[in-house]
1. Which members of segment A:107-133 meet the condition of being under 19 Å from A:ASN77 (Cα atoms) and in contact (Cβ under 8 Å) with a residue 40 or more places away in the chain?
2. Mind checking which pairs have a first residue in segment B:1-26 that is under 22 Å from A:GLN101 (Cβ atoms) and a second that is more than 12 Å from DNA strand C (Cβ to nearest atom) and among the β-branched types (Val, Ile, Thr), Cβ under 8 Å, 6 or more apart or different chains?
3. Can we say B:ILE86 is in contact (Cβ under 8 Å) with a residue 40 or more places away in the chain and either under 19 Å from B:ILE146 (Cβ atoms) or within 12 Å of DNA strand C (Cβ to nearest atom) (or both)?
4. Could you identify the single residue in A:VAL153, A:VAL131, A:VAL139 that is out of contact with any Leu (no Cβ under 6 Å at 6 or more places or on another chain) and under 26 Å from B:ASP106 (Cβ atoms)?
5. Quickly run through segment B:158-172 and pick out the residues that are of a type in the set (Gly, Ala, Ser) and open to solvent by less than 30 Å² (accessible area, probe 1.4 Å).
6. Restricted to segment B:35-74, and to residues that are farther than 24 Å from B:ASN117 by Cβ and away from DNA strand C (no atom under 16 Å from the Cβ), which residue is nearest to the other protein chains (Cβ to nearest Cβ)?
7. Can you tell me which residue is farthest from A:ASP100 (Cα to Cα) among those in segment B:161-173 that are in a helix (DSSP H, G or I) and without any contact (Cβ under 8 Å) to a residue 40 or more places away in the chain?
8. Restricted to segment A:29-70, and to residues that are closer than 21 Å to A:THR122 by Cα and open to solvent by 60 Å² or more (accessible area, probe 1.4 Å), which residue is nearest to DNA strand D (Cβ to nearest atom)?
Number of protein chains: 2
Amino acid sequence: MSQGKEKILQTALQEFAEKGYDGARIDYISKMAGVNKALIYYHFKSKEELFTAVINDLFEKAVSVSIEPTGTSVRENLIQVMEHFIDFLHYNPYFVKIMDQSVAQDRDIFHQLHHQNFFFETVIGMYQLGVQTGECRKVDHPEDFIVSLLGAVYFYFSHHKAIRKFYGNISEEEVISIRKKTMKDMISRLTFL
Amino acid sequence: MSQGKEKILQTALQEFAEKGYDGARIDYISKMAGVNKALIYYHFKSKEELFTAVINDLFEKAVSVSIEPTGTSVRENLIQVMEHFIDFLHYNPYFVKIMDQSVAQDRDIFHQLHHQNFFFETVIGMYQLGVQTGECRKVDHPEDFIVSLLGAVYFYFSHHKAIRKFYGNISEEEVISIRKKTMKDMISRLTFL
DNA sequence: AAAATTAGACTAAATGGTTAGTTTAATTTT
DNA sequence: AAAATTAAACTAACCATTTAGTCTAATTTT
């Protein structure tokens with residue numbers, strides 16, 4: 001990939017994440033990327049196509065953060081997945097922002113949905129396995145249980161600006177560590193028989 | 001309030017919720033509201049002011065859903081608050097959408113933040129009271145615990161479109177009832193000593 | 001090896017549609 | 001009478017997209 005194209009994608013990710021599709025400006029992207037506006041249209045045939053390219057690029061990287069837990073029990077695996085999820089959201093703020101923008105505006109990002117579904121289904125399946133083996137407490141609606149847990153993780157990141165103040169003046173790393181501990185604790189308590 | 005103004009606010013809420021600030025079109029609002037565009041500028045001096053008015057209007061209604069729990073224990077009160085929160089989000093989909101749009105785009109809605117903070121602080125305080133009276137389990141970071149619970153509630157609504165499929169072909173009322181049960185269960189298990 | 005050609009990366013400037021916001025004068029509602 | 005509302009034309013700015021061309025390094029032809 002040419003240097004210009006790479007820079008464009010990188011800058012466009014930022015712009016789309018911060019301003020949303022409608023708020024994003026091609027002019028601004030070209031200026032920030034230090035390339036001519038026409039170069040964007042040389043590489044991508046429209047704003048929409050640029051957006052799609054940005055998303056695909058982003059999810060390609062996201063997929064590489066695989067969910068192959070290595071624990072010796074379902075409970076441990078669930079905890080591991082949540083911790084990975086927390087780390088991923090922590091290190092990829094643009095991911096969260098793009099997701100928020102897309103969700104808010106019903107933009108269907110086929111790729112996103114595909115991977116998203118896979119992720120949800122995997123985690124739900126993981127828990128159901130634990131119930132089958134008798135390791136985890138049986139719940140009436142595993143899907144609702146997992147949605148709740150994932151929501152508990154996600155919310156902090158998506159509403160970061162509004163929520164952060166409640167944690168006081170500590171470093172972000174400390175908050176992340178607290179978040180992990182809380183989630184671990186919750187999962188333990190909620191899955192034991 | 002004049003009938004036209006009311007209709008404008010109502011229609012603008014929909015438009016802003018669905019399209020976001022940048023995506024929303026004044027022409028479209030006037031057309032949908034069945035009023036002349038000039039009337040919008042007669043009542044509001046700019047798009048920005050219209051948006052602010054919409055938000056204020058929305059939060060005024062939101063506040064009226066007070067959080068004055070009537071249970072006989074902190075645990076019961078927490079459960080009640082969460083159930084009210086679930087109902088509120090269920091019956092006010094535009095609220096969720098506007099919040100999502102605003103969060104995604106760092107639009108500072110002073111009023112929103114004010115009420116939001118109050119809500120968070122109230123619930124956190126509620127739990128801390130339970131710890132003090134020895135009724136609830138002591139946790140290292142009550143704020144993180146409450147954020148997790150609120151996130152668990154909120155997520156379903158904000159990501160409704162992506163998540164709903166995992167619940168199968170049941171009515172929305174049934175899902176809401178399942179959600180309430182799951183949250184009640186979670187709160188019970190997590191707060192007991 | 002020199003000359004001709006190509007292909008890809010890139011640019012400056014124009015085009016044209018869209019959209020927030022205005023204006024004015026008239027009409028209707030309270 | 002005052003407040004609310006309409007109609008329709010207008011403008012100024014913004015912004016996605018196009019056009020027509022340059023530059024450069026590699027490849028092919030002579």
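The values are calculated or read from the model by the stated rules, or taken from the named source; none is laboratory data. Source: prediction; values computed, not measured. Cβ placement follows ideal geometry from the backbone for every residue including glycine, while neighbour counts extend to all protein chains displayed. Just the protein is used for accessible areas: all its heavy atoms, side chains included, with ligands, DNA and RNA removed. Shrake-Rupley method; radii C 1.70, N 1.55, O 1.52, S 1.80 Å.
1. If the condition is that a residue be under 19 Å from A:ASN77 (Cα atoms) and in contact (Cβ under 8 Å) with a residue 40 or more places away in the chain, then A:PHE119, A:THR122, A:VAL123, A:MET126, A:TYR127, A:LEU129, A:GLY130, A:THR133 are the ones that fit.
2. Final answer for the pair search is B:ALA12/B:VAL54; B:LEU13/B:VAL54; B:LEU13/B:ILE98; B:PHE16/B:VAL54; B:PHE16/B:ILE98; B:ALA17/B:ILE98.
3. When the stated conditions are applied, B:ILE86 passes them.
4. A:VAL153
5. B:SER158, B:ALA162 - these are the residues of segment B:158-172 that are of a type in the set (Gly, Ala, Ser) and open to solvent by less than 30 Å² (accessible area, probe 1.4 Å).
6. B:SER73
7. Of everything passing the filter in segment B:161-173, B:GLU173 is farthest from A:ASP100 (Cα to Cα).
8. A:GLU60
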